[in-house]
Amino acid sequence: AKSLYLFVNKNNTKAIRAYERFGFVKARAVVTDIGSGFVMDDYRMELVL
């Protein structure tokens with residue numbers, strides 16, 4: 001099946017709720033090192049088309 005995915009910061013609860021209303025689900029947690037001691041702490045959210 002085809003799907004659409006996006007990444008959203010775990011602390012962005014308003015965006016997460018909005019995406020869930022459109023049918024997206026949290027597929028997995030993703031932590032990405034962006035250098036200088038910083039990381040992006042996100043959810044990968046997916047919508048099956």
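Output the residues belonging to region 20-47 that are surrounded by 12 or more Cβ atoms within 10 Å (Cβ to Cβ), aromatic (Phe, Trp, Tyr) and not in a strand (DSSP E or B).
24
One residue is enough: does region 9-19 have a residue meeting the conditions among the charged types (D, E, K, R), surrounded by 12 or more Cβ atoms within 10 Å (Cβ to Cβ), part of a strand (DSSP E or B) and free of Cβ contacts under 8 Å to residues at least 40 places away in the same chain?
Let us first name the residues in region 9-19 that are among the charged types (D, E, K, R), namely 10, 14, 17.
Narrowing further to those that are surrounded by 12 or more Cβ atoms within 10 Å (Cβ to Cβ): 10.
Remaining after also requiring part of a strand (DSSP E or B): none.
Checked against the condition, which is being among the charged types (D, E, K, R), surrounded by 12 or more Cβ atoms within 10 Å (Cβ to Cβ), part of a strand (DSSP E or B) and free of Cβ contacts under 8 Å to residues at least 40 places away in the same chain, region 9-19 yields no hits at all.
Since every read-out is calculated from the coordinates, none of them should be taken as a lab result. The structure presented is a predicted model; accordingly, all values stated were derived computationally and were not measured. Positions of Cβ are backbone-derived with ideal geometry, glycine not excepted, and every protein chain shown enters the neighbour counts.
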